[in-house]
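The values are calculated or read from the model by the stated rules, or taken from the named source; none is laboratory data. Because the structure is a prediction, the values reported are computed rather than measured. Here the Cβ positions follow ideal geometry from the backbone for every residue, glycine too, while neighbour counts run over all protein chains shown. To get the accessible areas, we keep the full protein, side chains included, count just its heavy atoms, and leave off ligands, DNA and RNA. Shrake-Rupley method; radii C 1.70, N 1.55, O 1.52, S 1.80 Å.
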Amino acid sequence: MPKAISYISAIIILALIGIFVCYIHYFSFDFPYQDDVTLLEFINITQNTPWNWSIFFESLFRVDNDHSIVIPRLITWIDYLIFGQVNFQHLILVTLVELILILYLLFRLFKRQGIHLVYFIPVAFIWLQPQYHEVSNWAITGLQHGHVTLFLLASLLLITENKAYALTWAIILAFLAGFTFGNGFIVFIALAYVYLLQKNWKNALIVGSCLIFFFACYLQIYQMGQAAKFHWNINHIILSFLGFIGASAMEFPKIGLLLSWIFGFLVLCIFTFYSIDHGRYNLKNKDQGTYLGILSFILFSSGLIALVRSAENYTIYSRFQLYAALSIIIVYLHLLLHINKRYHPYLLIGTLLYAIPFYCLSFFNHSNSQQYQKMSFLADRINWKNNQSILSVSSGFLWNAKPIIREAEKKQVYSMSYPWNNPFQDQVSIPLTKESFKFQAKEFKQVMQQKHATWINHYYWLEFQHFPFNTAFDKQWFILLKSTNLATTNKYILPIQFALNGKKNFLSMENYRANYGSIKINHESLKAGNYKMYLLNLVTEGDPSRNKLYALNQVLQVDTSLHRLILK
């Protein structure tokens, strides 16, 4: 192919990397979201005087919720040593580097096939998108799933490229994966599977023995967690299993779930066919062995997830869609390896016809929720500074997290200072008529069940049907609550979640966000009383006088004795 196509391909791939880096950086925020507090807890426990190595290693290898997260804890500890405080935005950026490294390792696999760079463009489109935002923008899940995937690819590349001491290094990486997240031990299975395909019984036995040794060590520290719920609903297990594998198709409206099942079934069929084919005819094909090893990891991981996470219904989580994207990429690279080169352009065009709409829909579908999450984190930091309260999560989580965050602040391990401007600074409010902006309260109760506990997640949505101002994506709108009792200083800030505008409306140059939406209130985390309500356009950088405050006529009443919220 002409050199011009090589240059254009390189520019497209680098541009996609640049967009992805800027996107993650824009939405990342220094805030301990949910399970992130376990990383703070580790630093709290270990930062004592005098230093105690016994406590450090005991806390480092402790199992939380079925996972021994040694690697995420070590990275958090290193961040603390370097910067003097834990910064969760730093941890997200570490994950970003990992995701780019994974793309590089995929390129290493691609390059071994000796085909033109243009054929790598679909891989960049499928990988560099926000469908798996729970990995790319959540510190602890990023450090878990990012590292496991990185260790998987690196170990398989080592053993299939016949590097010096490849087996030794691959086993070390598998151990590291096992002490990163619960499904990390499956890296051992992927390595053994590749050796079995090659009929290398000796190395397969060595890897299997190391897996047994890993479990022997792991069981010494293992404690049963809360999240896993084993069940025997075969329908849920099978459809969740297939859905996890093909979950990239979830971006397509209406047909997403059915298409994900179809994709999952096709990936399973391709894996089975080429595993048999490899065992019969292609023992020396290192590329096919690597691809089948990666698919074996994805299939075993999806099966494990489906078994322990699908007790009530079919469940597809954003954090596991990382593996769904990887499965499509590996199948595409695998087909490039097997079909005749004269059909490569048709495969490229067909894959791009899927990859480009998927890429665009992924950004369209998830950017709104990413913006809302960032606004929630900003509001949580402000609410913590004012009230020692976090309103983006249920009250049960708040009571678990509060002592950890307090201790971290006391030890100066972490600080929840104002991120930018204090929105509660005195400013003149502009009155709004009751007809121009009005809420309706809707109550929700959700029974939360885990193996050892059951509780009620009780909250309200304040819904509105017409927003009187511009809902452009760069506008950050919040609701301020100020107590009507002058003797108290109870003040809270809550982000407004706008609905996503229709795709046709968006393409016709309307706003990305619709002019209606809602505010979620975990009211049990608010102090009892009556609150005046204000609409705030918060300017996070620059002159605080640019903040616009509008007074609403409605009053919010929080009754903690009856556990309810009333609009007046």
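Is it fair to say Phe473 is open to solvent by 40 Å² or more (accessible area, probe 1.4 Å), in contact (Cβ under 8 Å) with a residue 24 or more places away in the chain, assigned to a loop (DSSP other than H, G, I, E, B) and farther than 30 Å from Trp399 by Cβ? In short, yes. Within segment 75-89, is even one residue assigned to a helix (DSSP H, G or I), under 25 Å from Ala324 (Cα atoms) and out of contact with any strand residue (DSSP E or B) (no Cβ under 7 Å at 6 or more places or on another chain)? No; the residues of segment 75-89 include none that is assigned to a helix (DSSP H, G or I), under 25 Å from Ala324 (Cα atoms) and out of contact with any strand residue (DSSP E or B) (no Cβ under 7 Å at 6 or more places or on another chain). Within the set Glu510, Glu524, the sole residue that is open to solvent by 30 Å² or more (accessible area, probe 1.4 Å), at pLDDT below 85 and outside any helix (DSSP H, G or I) turns out to be Glu510. Within the set Leu242, Leu258, the sole residue that is farther than 28 Å from Val63 by Cβ, open to solvent by 60 Å² or more (accessible area, probe 1.4 Å) and either in a helix (DSSP H, G or I) or modelled with pLDDT of 85 or more (or both) turns out to be Leu258.
One line per residue, one yes/no per condition, for (1) of a type in the set (Val, Ile, Thr); (2) open to solvent by less than 10 Å² (accessible area, probe 1.4 Å); (3) touching a residue at least 24 places away in the same chain (Cβ under 8 Å):
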| site | (1), (2), (3) |
| --- | --- |
| Ala139 | no, yes, yes |
| Gln144 | no, no, yes |
| His147 | no, no, yes |
| Leu156 | no, yes, yes |
| Ile172 | yes, no, no |
| Phe185 | no, no, yes |
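Among the residues here, Gly114 does not qualify as open to solvent by less than 40 Å² (accessible area, probe 1.4 Å), more than 30 Å from Asn87 (Cβ to Cβ) and more than 27 Å from the chain's Cα centre (by Cα).
Starting from residues that are in contact (Cβ under 8 Å) with a residue 40 or more places away in the chain and open to solvent by 20 Å² or more (accessible area, probe 1.4 Å), keep the ones in segment 35-51 and report whichever is nearest to the chain's Cα centre (by Cα). Among those residues, the one meeting the criterion is Asp35. Scoring Asn421 on the criteria (1) modelled with pLDDT under 80; (2) over 24 Å from Asp36 (Cα atoms); (3) open to solvent by less than 50 Å² (accessible area, probe 1.4 Å); (4) not in a loop (DSSP other than H, G, I, E, B) leaves a single failure, condition (4). Against the conditions (1) part of a strand (DSSP E or B); (2) open to solvent by 40 Å² or more (accessible area, probe 1.4 Å); (3) at pLDDT below 85, Glu541 satisfies every one except (1). Within segment 52-76, the only residue that satisfies the criterion of being open to solvent by 30 Å² or more (accessible area, probe 1.4 Å), among the aromatic types (Phe, Trp, Tyr) and over 21 Å from Ile172 (Cα atoms) is Trp53. Cβ separations smaller than 7 Å between residues 6+ apart or across chains give no pair from segment 416-441 residues that are more than 18 Å from Leu494 (Cβ to Cβ) and basic (Lys, Arg) to residues that are open to solvent by 90 Å² or more (accessible area, probe 1.4 Å) and at pLDDT below 75. For segment 406-418, residues that are modelled with pLDDT of 85 or more and touching an Asp or Glu at 6+ places or on another chain (Cβ under 7 Å) total 1. I'm checking my understanding of the structure. Among residues of segment 261-293 that are of a type in the set (S, T, N, Q), surrounded by fewer than 19 Cβ atoms within 10 Å (Cβ to Cβ) and assigned to a helix (DSSP H, G or I), which one is modelled with the lowest pLDDT? So, considering only residues that are of a type in the set (S, T, N, Q), surrounded by fewer than 19 Cβ atoms within 10 Å (Cβ to Cβ) and assigned to a helix (DSSP H, G or I), the one modelled with the lowest pLDDT is Ser275.
Of everything listed in (1) open to solvent by 80 Å² or more (accessible area, probe 1.4 Å); (2) in a loop (DSSP other than H, G, I, E, B); (3) modelled with pLDDT under 85, the single unmet condition for His466 is (3). Taken together, Phe358, Phe364 contain a single residue that is open to solvent by less than 10 Å² (accessible area, probe 1.4 Å), within 26 Å of Trp127 (Cα to Cα) and not acidic (Asp, Glu), which is Phe358.
Of all residues in segment 77-87, exactly one satisfies the criterion of being within 15 Å of Ile45 (Cα to Cα) and open to solvent by less than 20 Å² (accessible area, probe 1.4 Å), namely Val86.
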